[in-house]
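S.K.: Quick one: the structure is below, and I'll ask about it shortly.
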Amino acid sequence: MRLVKGLRGTQARHRLSVKALGLRKINDVRELPDNPCVRGLINQVHYLVQVEQ
């Protein structure tokens with residue numbers, strides 16, 4: 001997954017979700033397991049991240 005938009009102007013809860021996913025800067029990439037916890041975080045911040053398989 002890749003962070004494609006900046007966090008400025010987003011809700012505090014969404015910033016914490018992005019941090020929980022391990023993303024810090026724009027274009028930062030992380031590979032995470034496919035489980036319900038991670039999917040829930042991704043669904044919350046779907047407009048900030050791009051999921052690649």
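Nothing in this text is a laboratory measurement; each read-out follows from the coordinates by a stated rule. Keep in mind the model is a prediction, meaning the values are calculated, not measured. Quick reminder, even Gly has a Cβ in these numbers, built from the backbone with ideal geometry, and neighbours come from all protein chains shown.
S.K.: Quick check on segment 13-28. Is at least one of its residues touching a His at 6+ places or on another chain (Cβ under 8 Å), aliphatic (A, V, I, L, M) and surrounded by 14 or more Cβ atoms within 10 Å (Cβ to Cβ)? Give the derivation first.
M.R.: So the first thing to find is which residues in segment 13-28 are touching a His at 6+ places or on another chain (Cβ under 8 Å), and the list is none.
No.
S.K.: Same structure again: Taking residue 13, is it assigned to a helix (DSSP H, G or I) and over 10 Å from the mean Cα position of the chain (by Cα)?
M.R.: So residue 13 passes the test.
S.K.: Take the conditions under 9 Å from the mean Cα position of the chain (by Cα), touching a residue at least 12 places away in the same chain (Cβ under 8 Å) and at negative phi and apply them to residue 49. Does it pass?
M.R.: For residue 49, the condition - under 9 Å from the mean Cα position of the chain (by Cα), touching a residue at least 12 places away in the same chain (Cβ under 8 Å) and at negative phi - is met.
S.K.: Go through 40, 22, 6 for me and flag whichever is of a type outside the set (Asp, Glu), without any contact (Cβ under 8 Å) to a residue 40 or more places away in the chain and either in contact with a helix residue (DSSP H, G or I) (Cβ under 8 Å, 6 or more places away or on another chain) or in a helix (DSSP H, G or I) (or both).
M.R.: 40
S.K.: Consider residue 34 carefully, then state whether it is surrounded by 11 or more Cβ atoms within 10 Å (Cβ to Cβ) and either closer than 20 Å to residue 53 by Cα or out of contact with any His (no Cβ under 6 Å at 6 or more places or on another chain) (or both).
M.R.: Details: surrounded by 11 or more Cβ atoms within 10 Å (Cβ to Cβ): no; either closer than 20 Å to residue 53 by Cα or out of contact with any His (no Cβ under 6 Å at 6 or more places or on another chain) (or both): yes.
Spelling it out, it is not the case that residue 34 is surrounded by 11 or more Cβ atoms within 10 Å (Cβ to Cβ) and either closer than 20 Å to residue 53 by Cα or out of contact with any His (no Cβ under 6 Å at 6 or more places or on another chain) (or both).
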